[in-house]
Amino acid sequence: MGTDNPFSRIGFVGAGKVAQTLAEAFTQAGHPVVAVCSRSEANLAQFHGRCPDSRIVSSPQEVADQASIVFLTVPDDVIGKVCEEVSWRPGTAVVHCSGATEVSALSSAQELGASIGGFHPLQMFADPEVALSGLPGCTVGIEAEEALRRKLEALARSIGCVPMTLPAGIRPLYHASAYYVGPFLIALLKEGAKLWAHFGASERQAMDALMPLLRGTTAAVQHAGLANGMGGCVARGDRGTIQKHLASLDETDSAAADLYRQLALRNISLALERGTINALQGQQIEELLKRARNPVL
């Protein structure tokens, strides 16, 4: 690969799990990672284990001096500060991997003649090994001027990802949407496991039982769409089962019951869209869900 190719000299400022995953993916795709810096010795050791040909340097400036495209994989709150500390060369590409931070946080680099952009894989990075295996088919939200955008799209495709152009100004909304199927989904799984604990099951037992259901749910949605992929008592118009759920939850965990009500209310419009309940049934289910806990009869 020629030295004029921007992907022949990739650098990372920050060596955490996102950097570790992307660096290994880029290296496997034939894009050498030439330099990395981090304040964390532990992160640097893990990064070097995944990307042994990269050179560990002492500062962001050294990364910028050696690389033609630099990924700032540092905490969101310091992206702008780190960028401002570097004297960027004209023609260098400076890219952050934050979902919620606007690309304008890199404006100090742009003022010095660098190209700036955002490259955000829609992926959980708690474990680099798992994240790496999940990159094929993963969407990458990309925001940049056309020339850099095309290069970043090619880079995303080279590691098996699907590039998606993000318009300016929507990154916080885009990033918040991902939480519903990321961290918030994990919170819902935790809620399910807590209920299993009431009849003596461990969290591991709950997950072993519930994960196949989760996989079946996502497969149904992928095959048929959101509304047609949804089953359950709301979709069936089964008020009797909903009443049993609420009675049990109200007695066991009032907070879980409140969450159930909020989520079930959002199922109603999906059931109406699916056509398995009519408007009257939807109204009756809504009234049931909004009824006060343990009403006096």
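Worth a mention:
- Restricting the range 117-156 to residues that are farther than 18 Å from residue 17 by Cα and of a type in the set (Asp, Glu), the residue that is surrounded by the most Cβ atoms within 10 Å (Cβ to Cβ): 143
- Residue 53 modelled with pLDDT under 95, in contact with a strand residue (DSSP E or B) (Cβ under 9 Å, 6 or more places away or on another chain) and more than 30 Å from residue 179 (Cα to Cα): yes
- The residues listed here are 45, 114, 105; of these, the one that is over 27 Å from the mean Cα position of the chain (by Cα) and among the hydrophobic types (A, V, I, L, M, F, W, C) is 114.
- Only one entry of 80, 91, 14 meets the criterion of being within 22 Å of the chain's Cα centre (by Cα) and under 26 Å from residue 157 (Cβ atoms), and that entry is 14.
- Residue ranges of helices (runs of 4 or more DSSP H) in the range 214-296 with at least 2 members within 30 Å of the chain's Cα centre (by Cα) and under 25 Å from residue 186 (Cβ atoms): 233-236, 254-274
- Residue within the range 171-190 that is closer than 30 Å to residue 76 by Cα, out of contact with any Leu (no Cβ under 9 Å at 6 or more places or on another chain) and open to solvent by less than 40 Å² (accessible area, probe 1.4 Å) present: yes
- Among the residues of the range 272-285, at least one is in contact (Cβ under 8 Å) with a residue 12 or more places away in the chain, open to solvent by 80 Å² or more (accessible area, probe 1.4 Å) and acidic (Asp, Glu).
- Test: residue in the range 163-170 that is touching a strand residue (DSSP E or B) at 6+ places or on another chain (Cβ under 7 Å) and open to solvent by less than 50 Å² (accessible area, probe 1.4 Å): yes
- Here residue 257 meets each of (1) touching a residue at least 40 places away in the same chain (Cβ under 8 Å); (2) in contact with a Lys or Arg (Cβ under 7 Å, 6 or more places away or on another chain) with one exception, condition (1).
- Of the strands (runs of 3 or more DSSP E) lying entirely inside the range 1-109, those containing at least 3 residues that are in contact (Cβ under 8 Å) with a residue 40 or more places away in the chain, touching a helix residue (DSSP H, G or I) at 6+ places or on another chain (Cβ under 9 Å) and surrounded by 24 or more Cβ atoms within 10 Å (Cβ to Cβ) are 10-13, 69-72.
- Selection from the range 155-173 of residues that are assigned to a helix (DSSP H, G or I) and polar (S, T, N, Q): 158
- The residues of the range 179-213 that are part of a loop (DSSP other than H, G, I, E, B), of a type in the set (Phe, Trp, Tyr) and within 25 Å of residue 121 (Cα to Cα) amount to a single one, 180.
- Screening residue 2 on (1) modelled with pLDDT of 95 or more; (2) among the small types (Gly, Ala, Ser); (3) more than 27 Å from residue 130 (Cβ to Cβ) shows it passes everything except condition (1).
- Cross-chain or 6+ apart pairs with Cβ under 6 Å, the range 128-148 first and within 11 Å of residue 159 (Cα to Cα), then among the hydroxyl-bearing types (Ser, Thr, Tyr): 132/21
The values are calculated or read from the model by the stated rules, or taken from the named source; none is laboratory data. Predicted model, so just to flag it, every value in this text is computed and none were measured. All Cβ positions, glycine included, derive from the backbone under ideal geometry; neighbour counts span all protein chains shown. Surface accessibility is based on the protein's heavy atoms, side chains included, excluding ligands, DNA and RNA. Shrake-Rupley method; radii C 1.70, N 1.55, O 1.52, S 1.80 Å.
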